[in-house]
Amino acid sequence: MSEHAAASRLRLSGLCFLLQILLILLFALLVRYSPEGSPGPCPPQLNCSRRSPDSAFQQPRIQDVHVQVLLSFGLLVAFLSRYGPGSAAISILITAFSIQWAVLIQGLLYFFLNGKIYVGARSMVSADLCTAAVLISTGAVLGRVNPVQMLLLALLEVTLCTLNEYILLTLMGVSDSGGSLTIHTFGAYFGLMVSRVLYQPHKDRRKREEQQDKGHQMDVLAVVGTIYLWIFWPSFTSTTTAHHSAENWAVLNTYFSLVASTMSTFVLSPLLYEEGTPRMVQIQDATLAGLAVMGMAGEMLLTPFGALIAGFLVGLISSLGFRFFTPVLHSRLKVQDTCGVHNTHGLPGVLGALLGTLLTLLATADTFGYRLELVFPLVAQGSRTVTDQAFIQLSALPLTLLLATLGGCFTGAVLKIKVLRCCPAAQCRENPGLREV
């Protein structure tokens, strides 16, 4: 058994070494800093019209997004509260690799010129957002995959997530600044399909037995996770909005939605559970749902009362989903949603896309004013009608679900390869969340 564990540890060490050396070589060959955000002269081949936005974009927004991704997504929301410090270390490993890989893959599609990838502040933020989708997916399979499998999942998902984003935002012209589709929906259903392929009922029962006594610890950490969500997520949602005025709308709409979704938890929880007051984990889940639903609609023409209605309804739907749909998801569809990503990211992401489609029908010059060109430039230019744009927004939903489903099935099949299914024995004893698949 010791030889088996040593071989497994060497496999992880060797894979990390090879991946990092490969990344260093690729960065050396391809990646350069973009001159758009520097004070010096700009080469004529590059479009320097975005120099000022990129320069103003840097420190506060990078900090907010990175804190949000690492702490709220990676540690406190899904991993640390359920699986302990060992899983937190794995989430940091996934974050470190995914950011580097996303910079390269996104750079080839968005920032590639004359054989080089030019990176700036926006490159790092885009990589962070892609990493968020990966961390959402790992929340659906945590406990049944080892670190080597996690790295391979990140390698494949970053590539497919970037492809989905490129098709939606660049080729189709979809408006999804906060990532209802590109982050929440894709990440959730990608992870759920991986979980479906890796379904093992006997290990799911063992996992539940190991977690029976962790309720208090989960609540304590959920307090910290929820506070981070309230502080950093509104700026996370507004990171890629088209203009500062749209950014303010996204921040305010997100705040209105999250407060209403939190209130809805106190409406349903006393009716659905024996506890008179909702546990912090339930409040955290409702907060996530209210935030995810604003991903697409945040920068659109959504009034304050509209954001309150959307947040309140999605909070109710998410709570009902945890109580009634999650057992069906497991018993009938054989999907083991380890951290409840379907009700906190997947379903709110879908509802956010539908809300964004509805709001697109209001995108006229009379209602949006000068902001129409910022949010829907093709409509403002006359290249598309409002109806065409709404149809494209709606068609992006099944396309995202299709890519996430196919990508998740393929990734799950890869992770089931026998040579990848070994988990270090010592690591499994220390971290019950990391078991052999």
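The values are calculated or read from the model by the stated rules, or taken from the named source; none is laboratory data. Here the structure is a predicted model, which is why all the values come from computation and not from measurement. Ideal geometry is used to build each Cβ from the backbone, glycine not excepted, and the neighbour counts take in all protein chains shown. The protein model used for the area step is the full one, side chains on, heavy atoms only, and it has no ligands, DNA or RNA in it. Shrake-Rupley method; radii C 1.70, N 1.55, O 1.52, S 1.80 Å.
Please list, ordered by chain and number, the residues whose modelled amide H lies under 5 Å from the amide H of VAL119; skip anything fewer than 5 residues away on the same chain.
Amide H neighbours of VAL119, under 5 Å, 5+ apart: ARG32, TYR33, SER34.
Between VAL328 and ILE417, take the C-beta separation as r, use R0 = 25 Å, and let me know the FRET efficiency to the nearest 0.05.
Efficiency computed from Cβ-Cβ geometry: 0.25.
Would you mind putting 101-108, 139-146 in packing order, based on average other-beta-carbon counts within 10 Å, highest first?
In decreasing order of mean packing, 101-108, 139-146 become 139-146, 101-108.
Would you please give the residues with an amide H less than 5 Å from that of ARG384, counting only those at least 5 places away or on a separate chain, with H modeled from the backbone geometry?
Under 5 Å from the amide H of ARG384: VAL379.
Given a Förster distance of 56 angstrom, what is the FRET efficiency for PHE266 paired with CYS409, based on the Cβ-Cβ distance and rounded to 0.05?
Calculated transfer efficiency: 0.90.
Can you order the peptides 330-336, 296-302, 400-406 by their average number of other Cβ atoms within 10 Å per residue, highest first?
296-302, 400-406, 330-336
Residue by residue through region 165-170, what is 3J(HN,Hα) from phi via Karplus (6.51 cos²θ - 1.76 cosθ + 1.60, θ = phi - 60°)? Round to whole Hz and write x for glycine and proline.
For region 165-170, the Karplus-derived couplings read 4, 5, 5, 6, 7, 8 Hz, x marking Gly and Pro.
What order do you get for 161-168, 347-354 when each peptide is scored by the mean count of other beta carbon atoms within 10 Å, highest first?
Packing proxy ranking, top to bottom: 347-354, 161-168.
For PHE368, PHE17, write out the residues from largest to smallest accessible area, computed with a 1.4 angstrom probe and no ligands counted.
If we order PHE368, PHE17 from most to least accessible, we get PHE17, PHE368.
Using 0.36 nm times the number of residues separating TYR273 and LEU402, minus their current alpha carbon distance, what extension gain do you get?
Separation in residues times 0.36 nm, less the Cα-Cα distance, equals 42.9 nm.
In Å², what does the accessible area per residue of region 105-144 work out to with a 1.4 Å probe?
Value returned for region 105-144: 25 Å² of accessible area per residue.
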